[in-house]
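Reading through the structure tokens given below for one structure.
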Amino acid sequence: MKKFWKALGITALAASVIPYYVDSDEKKCTKTIRALLWQIKTHPSEKHEGKTAAEISLGFMLPDFKALAARCKGGCEQEEAAAEEAEAPTEEVSEQQAPTEQPPADAE
């Protein structure tokens, strides 16, 4: 039974330390990494140009499954739409015009 509790404790420790969420916003130059017991947010430093500032938060942070699912669903829908556009055959407009019929010239 001691082996079971030891394995369960190691698994709980790993689950609380290993990140489950990583998000980066390239427009704002921010990055967020979340685990069950901690969170790190990085962003450009306001005091020092060219440097990065980090905010570390400790605490019990449960994942917001609804937000993660909506984000994944929105991303998946965008990828599917892009894939459908790439696979759709393009209709090329033919620039060739049918020859116009001219009435025969009367030879007089």
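Tell me which strands (runs of 3 or more DSSP E) are completely within the range 1-81 and hold 2 or more residues being open to solvent by 90 Å² or more (accessible area, probe 1.4 Å), or say none if there are none.
Counting at least 2 such residues, we get 52-58.
Could you check how many residues of the range 31-55 are among the β-branched types (Val, Ile, Thr) and within 19 Å of ALA14 (Cα to Cα)?
Residues in the range 31-55 being among the β-branched types (Val, Ile, Thr) and within 19 Å of ALA14 (Cα to Cα): 2 in total.
Just to verify a result, which residue in the range 9-41, among those that are touching a residue at least 24 places away in the same chain (Cβ under 8 Å) and more than 19 Å from the chain's Cα centre (by Cα), is nearest to LYS66 (Cα to Cα)?
Going through the qualifying residues, I end up with LEU36.
The values are calculated or read from the model by the stated rules, or taken from the named source; none is laboratory data. Please read all numbers here as calculations on a predicted model, not as lab measurements. Because the Cβ atoms are built from the backbone with ideal geometry, glycine has one as well, and the counts that use them run over all protein chains shown. Protein only, heavy atoms only, side chains kept; ligands, DNA and RNA dropped before computing areas. Shrake-Rupley method; radii C 1.70, N 1.55, O 1.52, S 1.80 Å.
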